[in-house]
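What follows is one structure encoded as structure tokens, with my remarks underneath.
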Amino acid sequence: MARVVLTGGLLRFTEGTETFELDGATVRQLFRQLAALYPDLEPHLEEGIAVVINGQMYQDAWLEQVPPDSEVFLLPQIAGG
């Protein structure tokens, strides 16, 4: 199982829960599990979340493999100009 950590504004969609133990072989599978738990989170997961898997950052990483016992951080987009 992967340890998935949400950060920033994503926490408002999970009632403040920031850490999840999820079983999935890809980022997409992890996102589906989170969306099933918190449907209001789903559109935000599809908007371009940066994903950090064991210290390596990925952008648009839907099919990126998630090894067992990984630590995965989800970072929301930062708006600004």
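Worth a mention:
- Most to least packed among 26-39, 57-70, 4-17 [average Cβ atoms within 10 Å]: 26-39, 4-17, 57-70
- Annotation: amide H of residue 77 within the under-5 Å range of 50, sequence separation 5 or more or interchain, hydrogens built in the peptide plane.
- Answer label for mean projected area of the Cα convex hull in nm² (calculated), chosen among (1) 6.3; (2) 4.9; (3) 6.8: (2)
- Percent RCO, i.e. relative contact order, over the range 2-75, from Cα pairs under 8 Å lying at least 6 residues apart: 41 percent
- Beta-bridge orientation, the chain: approximately 75 percent antiparallel, per DSSP, counting only bridges with both partners inside.
No lab work stands behind these numbers, since they all come straight from the coordinates. Remember, predicted model here, so these are calculated numbers, not experimental data. Positions of Cβ are backbone-derived with ideal geometry, glycine not excepted, and every protein chain shown enters the neighbour counts.
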